1. Residues in the stretch 110-128: is at least one touching a Ser or Thr at 6+ places or on another chain (Cβ under 6 Å) and surrounded by 11 or more Cβ atoms within 10 Å (Cβ to Cβ)?
2. Just give me the residues in the stretch 55-91 being modelled with pLDDT under 85 and among the β-branched types (Val, Ile, Thr), in sequence order.
3. Please note which helices (runs of 4 or more DSSP H) are completely contained in the stretch 66-141 and include at least 2 residues that are closer than 15 Å to MET1 by Cα.
4. Just checking, which of ILE57, ILE62 is part of a helix (DSSP H, G or I), of a type in the set (A, V, I, L, M, F, W, C) and at negative phi?
5. Step by step: first the residues of the stretch 34-54, then only those that are modelled with pLDDT of 75 or more and part of a helix (DSSP H, G or I), then the one that is nearest to GLY99 (Cα to Cα). Which residue is that?
6. From (1) at pLDDT below 90; (2) part of a helix (DSSP H, G or I), pick out the condition that doesn't hold for ALA31.
7. Take the residues of the stretch 73-104 that are among the hydroxyl-bearing types (Ser, Thr, Tyr) and surrounded by 12 or more Cβ atoms within 10 Å (Cβ to Cβ): which is farthest from LYS17 (Cα to Cα)?
8. Which residue, of LEU95, LEU33, LEU5, is under 29 Å from ILE123 (Cα atoms) and of a type outside the set (Lys, Arg)?
Amino acid sequence: MILCLLVSSFLYNVVPKIQFFMKILGALYMAYLIVKTLVPAKSHEVKTSNGTFLIAILLQFINPKVVLYGITAMSSFILPHFNSIPIQIFFAFLLAFTGFTSTLCWALFGSLFSMIFEKHGKILNIIMALLLLYCIISLFM
């Protein structure tokens, strides 16, 4: 999140005209997620992983969802309203904690709700796709 803060701050202060193009890039990525959500996977094979916990942690630094989360939150909600560096760093840690808590909840409740997801997967995918579409629309309002 500190890295996202630095990148967002640079983009917000130095290149403010890039915000529209970043919205388009984010909207295209969300459109891609809509397609991936609605189009069923070709196979239901379980993939095994040879990765370790350390590799999984390191991959979060290049995870597009994490990077977009950080840059979007910083540039939309924090940088326009707070100029103090200590407050910006506080929000970076708060966003990191929020992301960690969300991931933890996703892991815990995902295993609990897996049967519901299996039974009602198509309906849930449609709802998620509609929510993503709402996010795309709200970007440009």
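The values are calculated or read from the model by the stated rules, or taken from the named source; none is laboratory data. All values derive from a computational prediction rather than experimental measurement. Ideal geometry is used to build each Cβ from the backbone, glycine not excepted, and the neighbour counts take in all protein chains shown.
1. Within the stretch 110-128, one or more residues are touching a Ser or Thr at 6+ places or on another chain (Cβ under 6 Å) and surrounded by 11 or more Cβ atoms within 10 Å (Cβ to Cβ).
2. ILE55, ILE57, ILE62, VAL66, VAL67, ILE71, THR72, listed by residue number.
3. Result: 85-112.
4. Step by step, each of ILE57, ILE62 is checked, and only ILE57 is part of a helix (DSSP H, G or I), of a type in the set (A, V, I, L, M, F, W, C) and at negative phi.
5. Here the answer is LEU54.
6. (1)
7. Step by step, filter the stretch 73-104, then rank; the result is THR103.
8. After ruling out the rest, the residue left standing is LEU33.
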